[in-house]
Amino acid sequence: MKFSVLVAILAEDLEEQAIDIAKRSGAGGVTLLDGRGIGATEKKTFFGLTYEGSQSVLVMVLEKKLSLSVLKNLSRELDLKNSSRGVVFTIPLEHIAGIDMRQIQQFEEHIKHDI
């Protein structure tokens, strides 16, 4: 079985919705990180203070085919192509240790369901 890391960097208010989408799409666990970003455009200022907004970083280790399905569902349901409120990408995993065997079984069941 091949694995990928799916990373979603989203506006903080999309975090719960993204977790729900990922879980419905077959993801088991999600690691959450707080983030801040520097965009290509200048941020809004208010009385000399710059508001940058918080971001949530969701990290998931998924079976390779499942990661593509989760990515597509996140992109579609959060309207990432049009909203500029986040980015989702995958990174192939070469080696992995410590993944729970129940998670492997869950991936297998999800793949069987898709076939």
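The values are calculated or read from the model by the stated rules, or taken from the named source; none is laboratory data. These numbers were taken from a predicted model, which means no experiment stands behind them. A quick note on method: Cβ atoms are made from the backbone with ideal geometry, for glycine too, and the neighbour counts reach across all protein chains shown.
The table below gives the values:
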| read-out | value |
| --- | --- |
| Qualifying positions in region 57-104 - in contact (Cβ under 8 Å) with a residue 12 or more places away in the chain, over 15 Å from residue 29 (Cβ atoms) and among the polar types (S, T, N, Q) | 69, 73, 75, 90 |
| Residue count for region 102-115, restricted to those that are part of a helix (DSSP H, G or I), at pLDDT below 75 and loosely packed, with under 12 Cβ neighbours inside 10 Å | 3 |
| Some residue of region 72-91 being in contact with a strand residue (DSSP E or B) (Cβ under 7 Å, 6 or more places away or on another chain) and among the acidic types (Asp, Glu) | no |
| Residue selected from region 45-82 under the condition at pLDDT 90 or above and in a loop (DSSP other than H, G, I, E, B), by the criterion farthest from residue 1 (Cα to Cα) | 79 |
| Pairs with Cβ under 9 Å, 6+ apart, first in region 1-13 and in contact (Cβ under 8 Å) with a residue 24 or more places away in the chain and among the β-branched types (Val, Ile, Thr), second surrounded by 17 or more Cβ atoms within 10 Å (Cβ to Cβ) and not in a strand (DSSP E or B) | 5/67 |
